[in-house]
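Input: a single structure, listed below in structure tokens.
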Amino acid sequence: MVTLSEARYRDRVYGGWLGKFIGLAVGAPLDGQKQSHDLDSSYLERLPPGRPEPGPPLDFQLVWLRALQTVGPRLTADDLCTAWLTHIAYADGELAHAASNFRRGLCPPLSGTFDNPYQATLGAMERTDFWGLLLPGDPREAVRFARQDAMLDHADAGIEAAVMVAAMVSAAFVESEPTRLVEVALGLAPSESRVARAVRDVVRWHGELAQWSRTREMLLRAYGSEDVRDGVVAAALVALALVHERGDLWRTLLTAARCGWSTRATCGAAGMIVGAALGASAMPALLRGIVVDELALGWGVTGLGASLSMMGLVEQTVEVGRVLVRSELAGRVQLVNESPEEQSVLTAPDASSLIRQMAMGSYVTSFRRGPLEVSIDYDMRPTIGYDAPRKLAIGISNAGLRSVDLRARISAPIGFIVTTQSEQVTLPEGSSVSFMAALSAPEEQAKISAANPCTLFVTLEDATEMTFPISLVGESLWYVAGPYGRFDDSHTPEQVGILSGEAPLGGEGWRRLSVAEPSVNLLAGMEGDQGTYYLATDYHVPRARVAKLRVGCNDGVKVWVGGREALRQHEHRPVSPASADECDVELWQGWNRVVVKMAQCSPRRFLSVVLKGADQHVLTEAVNTVPRG
């Protein structure tokens with residue numbers, strides 16, 4: 001068992017927050033610059049003292065603290081979603097796509113995975129480190145909560161980076177050797193995950209070379225990305241800074257800053273890890289002087305006030321942490337009044353079940369109702385298109401203490417056809433049953449909406465009926481024509497009637513395309529010769545408004561909205577969420593024709609199209625799932 005004195009716990013929490021904010025101050029001036037930097041100790045002298053710049057990471061942490069104070073330690077992903085929609089208005093990157101998925105009825109992990117081009121970025125890593133402060137000395141439990149948090153708006157590497165940092169912060173309450181902290185985090189991650197492989201490689205390369213610059217070079221050569229906010233690179237750079245400087249806070253932050261890339265995130269994470277290992281009492285006064293006591297909240301958080309003192313944040317964290325330790329960590333971690341006579345040792349946790357959960361597909365949702373645990377596997381994506389059945393694998397486990405009889409059925413919108421293989425079954429204690437279900441939407445009788453809520457009903461022998469949501473997002477209807485000749489020439493689809501929407505789509509030369517994730521890649525799976533292509537769709541909007549159109553393409557692109565040219569560019573770009581242009585467009589009430597002319601000059605096909613409101617949130621009210629009447 002890990003035993004911590006109340007005073008030690010509070011001092012380490014204080015140290016973690018101080019280290020985080022010092023790291024943010026160190027990393028902020030260089031953030032977003034991919035090149036390495038030649039920095040020495042004089043860099044500290046050039047940092048002006050002040051409070052950390054407000055923004056989403058701290059604001060999310062304060063919202064989660066409020067949710068824990070309200071709901072208690074049994075906080076669920078649904079509670080986090082509710083808190084997000086109540087208090088958070090940010091709509092940058094992955095936040096916009098996750099919020100739109102919440103409104104479509106998608107639960108985590110679907111909310112972080114579906115139609116989210118930013119799912120592998122470091123946004124979750126910036127905020128989930130504080131779960132290590134709330135769950136000290138039990139990195140497995142810190143990972144469980146951090147994963148629940150990160151799944152809201154991330155997947156794969158975005159989650160893996162987040163949980164590794166949370167694990168190291170939690171372990172830092174007991175261990176202080178950086179290499180050991182990294183080992184603990186690796187033991188809680190799927191061994192073949194991209195983040196785990198990158199971190200293992202960094203530790204190995206650094207052991208062979210003992211040079212941060214050379215190790216950094218090898219890391220970027222093997223795992224580099226076009227996106228400066230890549231989660232794999234960020235997690236590996238944090239590990240590099242830790243193992244290179246072996247627990248010295250200032251030198252660790254300096255190395256993280258020297259490495260470049262997303263230095264606010266990497267310096268902030270490294271600072272919290274080392275700060276939690278040191279405690280505030282061991283923090284050099286020169287570093288503590290970088291951060292003032294008052295913390296400002298960002299513009300995108302509501303209902304929490306405008307500012308908070310550093311000590312107020314520490315006290316809130318300690319208060320909630322005590323509750324979590326006594327409820328979630330009972331028997332593994334205890335807080336006592338006096339310092340224990342012997343130093344606690346962090347034992348290797350049994351992580352098999354947690355790793356299995358993390359290795360599950362990104363399109364599997366899980367629920368617990370009474371004695372039943374239910375999983376719904378959407379296979380590749382949670383969408384449905386006309387005349388294309390969506391198959392689901394449904395698993396039901398009995399976690400209760402006695403056998404139960406049950407029957408399952410699925411309801412769907414009018415016109416949908418549901419086929420299941422479920423019959424009444426007897427489920428002994430500890431056993432499971434699985435069956436397949438298929439849902440289809442025949443075009444002649446069903447109308448696919450942006451969100452198509454379905455429900456799994458499970459009825460027990462005592463007539464108790466439990467419900468589990470099944471959300472299917474309507475696939476977008478697009479039409480494609482081509483290839484044609486030179487991009488700079490005008491071709492047949494540029495007729496006035498086609499561009500304005502007066503002529504129907506789907507005539508000669510056009511092929512219909514059912515698109516699952518237009519924000520990620522509208523052309524996923526599409527093949528054809530090089531040349532100029534046209535893609536067109538009709539959006540229906542309930543009211544006239546000004547919107548923002550964001551179009552990403554790796555080659556040339558020209559866009560018309562309602563017959564008027566809205567955007568054009570012609571240059572070769574990397575396939576990245578950052579390869580996008582944005583412009584304001586006027587949408588009329590009713591139907592709005594969007595036509596995209598695209599130059600396809602390379603084998604890599606990439607086109608993303610997103611409509612956003614003035615607040616940068618995805619415009620879910622603009623729907624293109626049904627043919628224009």
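The values are calculated or read from the model by the stated rules, or taken from the named source; none is laboratory data. Keep in mind the model is a prediction, meaning the values are calculated, not measured. For neighbour counting, all protein chains shown are included, and Cβ atoms are generated from backbone atoms with ideal geometry for every residue, glycine included.
A few notes on this one:
- Residue in the range 72-90 that is at pLDDT below 95 and under 30 Å from Glu338 (Cβ atoms) present: yes
- Within the range 521-535, the set of residues being surrounded by fewer than 22 Cβ atoms within 10 Å (Cβ to Cβ) and among the aliphatic types (A, V, I, L, M) comprises Ala524, Met526.
- The single condition among (1) touching a residue at least 12 places away in the same chain (Cβ under 8 Å); (2) over 28 Å from the mean Cα position of the chain (by Cα) that Ile384 does not meet is (2).
Condition check ((1) in a helix (DSSP H, G or I); (2) modelled with pLDDT of 90 or more; (3) not aliphatic (A, V, I, L, M)) across all residues:
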site: Leu456; (1), (2), (3): no, yes, no
site: Thr459; (1), (2), (3): no, yes, yes
site: Thr467; (1), (2), (3): no, yes, yes
site: Phe487; (1), (2), (3): no, yes, yes
site: Ser490; (1), (2), (3): no, yes, yes
site: Met526; (1), (2), (3): no, no, no
site: Asp529; (1), (2), (3): no, no, yes
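- Among the residues listed as Arg144, Arg104, Arg74, Arg140, the single one being of a type outside the set (A, V, I, L, M, F, W, C), closer than 30 Å to Val623 by Cα and outside the structural domain of Ile384 (by TED's automatic domain parsing): Arg104
- Consider the range 446-467 and keep the residues that are surrounded by fewer than 15 Cβ atoms within 10 Å (Cβ to Cβ) and of a type in the set (Ser, Thr, Tyr). The one that is farthest from Val626 (Cα to Cα) is Thr464.
Residues checked against (1) more than 16 Å from Leu607 (Cα to Cα); (2) at pLDDT 90 or above; (3) in contact with a helix residue (DSSP H, G or I) (Cβ under 7 Å, 6 or more places away or on another chain):
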site: Pro518; (1), (2), (3): no, yes, no
site: Tyr539; (1), (2), (3): yes, yes, no
site: Ala544; (1), (2), (3): yes, yes, no
site: Arg568; (1), (2), (3): no, yes, no
site: His572; (1), (2), (3): no, no, no
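- Per this entry, Arg356 is not counted among residues that are closer than 23 Å to Leu135 by Cα, modelled with pLDDT of 90 or more and surrounded by fewer than 18 Cβ atoms within 10 Å (Cβ to Cβ).
- Residues in the range 327-351 that are farther than 19 Å from Ser176 by Cβ and within 29 Å of the chain's Cα centre (by Cα): Ser327, Glu328, Leu329, Asp350, Ala351.
- Yes/no for Ser262 being in contact (Cβ under 8 Å) with a residue 12 or more places away in the chain, surrounded by fewer than 23 Cβ atoms within 10 Å (Cβ to Cβ) and either in the same structural domain as Gly55 (by TED's automatic domain parsing) or in contact with an Asp or Glu (Cβ under 9 Å, 6 or more places away or on another chain) (or both): no
- Scope the range 391-449; condition in a loop (DSSP other than H, G, I, E, B), free of Cβ contacts under 8 Å to residues at least 24 places away in the same chain and of a type in the set (S, T, N, Q); matching residues: Gln421, Gln424
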